[in-house]
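The values are calculated or read from the model by the stated rules, or taken from the named source; none is laboratory data. Keep in mind that this is a model prediction, so the values were computed, not measured. FYI the Cβ positions are ideal-geometry reconstructions off the backbone, even for glycines, and counts take in every protein chain you see. Ligands, DNA and RNA are stripped out before the accessible areas are found, and what is left, the full protein with its side chains, is counted by its heavy atoms. Shrake-Rupley method; radii C 1.70, N 1.55, O 1.52, S 1.80 Å.
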Amino acid sequence: MPNTLNQKIEPIIGLEIHIELQTKSKMFCSCPADHFGKEPNNQTCPVCLGLPGALPVPNQKAIEWTVLAGLALDSEIPLFSKFDRKNYFYPDLPKGYQISQYDLPLAEKGKWKMSRGAGSRSAGDNGKWIRIKRVHLEEDTAKLIHQFGMENGKWKMENKNYTLIDFNRSGVPLMEIVTEPDLCSAEEAKIFLQKLQQLVRYLAISEADMEKGQMRCEPTINLKISKNRKLFFTPLVEVKNINSFRFVQKAIDYEINRQREEFERTGLEKQPGSKTTRGWDEEKQITVLQREKEEAEDYRYFPEPDIPPIRWTKAQISNLQSQISELPDQKIKRLMKRYGLSAYQAEILTQTKEEADYFERACEIAGVVPFKEIANVIVNKRIKIEKLSSSELIKTLAKGKKQRPILGEELDEAIDEVLKENSTAISDFKKGKTAAIEFLVGQVARRTKGQADPNQTRKLLLEKLL
Ligand code: ZN
Ligand code: MN
């Protein structure tokens, strides 16, 4: 931040993130949840159209997935939770209220360590803790499509602006994650969102594609200004209508500058409990005032009478916890340790789970090819993993490489060690699962750092097992 004389400016940024869950059906009815690009108003029923008398039936998967996200964000999962009605009028909300969660969310008080992106770890950045205030579940609204009166179509309306409503999105499960205001730059906010997108993709609960509206972000921003040994806080602003990582960054940077200028011009300060809403105007690249004040009381929240509250046992929660497989940060550490990768390589290779799996599959059959070389090639040559299989990759890399003749005794020892540690694979093999032998060959290759000839290994293994 620019420091003029005796003045220091620190942005205070919190994020409110909505993520559509990729469940088969919607949150409270059996209509398909996958709505992107579908024929408008084709995936609706009395429940998601908000017709009187229709009763909601909550989607168990969506509830469990929200808890999974809460656990991955190191949150507490209260054993009692409920849905509430958030009342407001808007054309995209036919019931006049949104089923959401108010005082008892599915997860709360989390924390998440955020590193600053590829390469930062090797530069000694261990990341920063961002506190997670809450994770709750609600339903998405219908989609408003604003258009200009058509020239030659049936709809002319004297070329006035008009709006269409598509109810396919109405009632899609929507997870909301709210952070504490622990971020302090547009860059940090962008990195946080990218990491969060990666996390929910690893959990396989959402594709979280911002361009498709599957992930939407509303940053809340104000400035802490110390000037002449006095502290000032500028009014709190929430920015809506942002649909890409780039615009998150732009909108926050714009707002930081706007608030600084406004403060210098007017000296306006934050009023307790008050928040202004501004919208991001993509065309003009500015934020525009939408609403002056908004408070929780305005929504007249009350418990949803049509849905019984949610009660968990501790066993159910730990069962959900055990369903979480290796997450990006753990995977990075393990790949570094097991394959001797640099932090940079590990970070790139774990950007998607598919790429990390591809790398590990290649290592299983590495043979004479060192693990580091495999990592280098995938990272630097940007291998298209869907176009070149990992075995084809290894074949190419192994070309021209001489097998270092590993001593018979050395190989023998390695095989014995592997057999000692993999009794399950042995019994699988004896039960007729022939694939188990390839697993054992891979284990021997790993133990000998790829110096054992796979054919020789296989032969020796079979001799020992048969
Ligand atoms: Zn429906
Ligand atoms: Mn919400």
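Summary of values
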quantity: Filtered residues of the stretch 225-269 (kept if surrounded by 19 or more Cβ atoms within 10 Å (Cβ to Cβ), among the polar types (S, T, N, Q) and not in a loop (DSSP other than H, G, I, E, B)); calculated: 249, 259
quantity: Selection status of residue 387, open to solvent by 20 Å² or more (accessible area, probe 1.4 Å), more than 25 Å from residue 444 (Cβ to Cβ), outside any helix (DSSP H, G or I) and without any contact (Cβ under 8 Å) to a residue 60 or more places away in the chain; calculated: yes
quantity: Filter result (touching a helix residue (DSSP H, G or I) at 6+ places or on another chain (Cβ under 8 Å), part of a strand (DSSP E or B) and at pLDDT below 90) within the stretch 139-185; calculated: 148
quantity: Condition broken by residue 416, with the remaining ones in (1) at pLDDT 80 or above; (2) not in a helix (DSSP H, G or I) satisfied; calculated: (2)
quantity: From 346, 315, residue being open to solvent by less than 20 Å² (accessible area, probe 1.4 Å) and either out of contact with any Gly (no Cβ under 9 Å at 6 or more places or on another chain) or among the small types (Gly, Ala, Ser) (or both); calculated: 346
quantity: Strands (runs of 3 or more DSSP E) fully within the stretch 1-102 counting 1 or more residues that are under 20 Å from residue 308 (Cα atoms), away from ligand 1 (no atom under 12 Å from the Cβ) and in contact with an Asp or Glu (Cβ under 9 Å, 6 or more places away or on another chain); calculated: 84-87, 97-100
quantity: Pair list, Cβ < 8 Å and 6+ apart or interchain, from the stretch 351-372 residues that are free of Cβ contacts under 8 Å to residues at least 60 places away in the same chain to residues that are among the charged types (D, E, K, R) and crowded, with 18+ Cβ neighbours inside 10 Å; calculated: 356/331
quantity: Matching residues, the stretch 318-332, being touching a helix residue (DSSP H, G or I) at 6+ places or on another chain (Cβ under 8 Å) and open to solvent by 70 Å² or more (accessible area, probe 1.4 Å); calculated: 321, 323
quantity: Meets criteria (out of contact with any Phe, Trp or Tyr (no Cβ under 6 Å at 6 or more places or on another chain), open to solvent by 70 Å² or more (accessible area, probe 1.4 Å) and among the charged types (D, E, K, R)) for residue 103; calculated: yes
quantity: Qualifying residue in the stretch 13-31 (condition: buried (at least 21 other Cβ atoms within 10 Å of the Cβ), more than 16 Å from ligand 2 (Cβ to nearest atom) and among the aromatic types (Phe, Trp, Tyr)); calculated: no
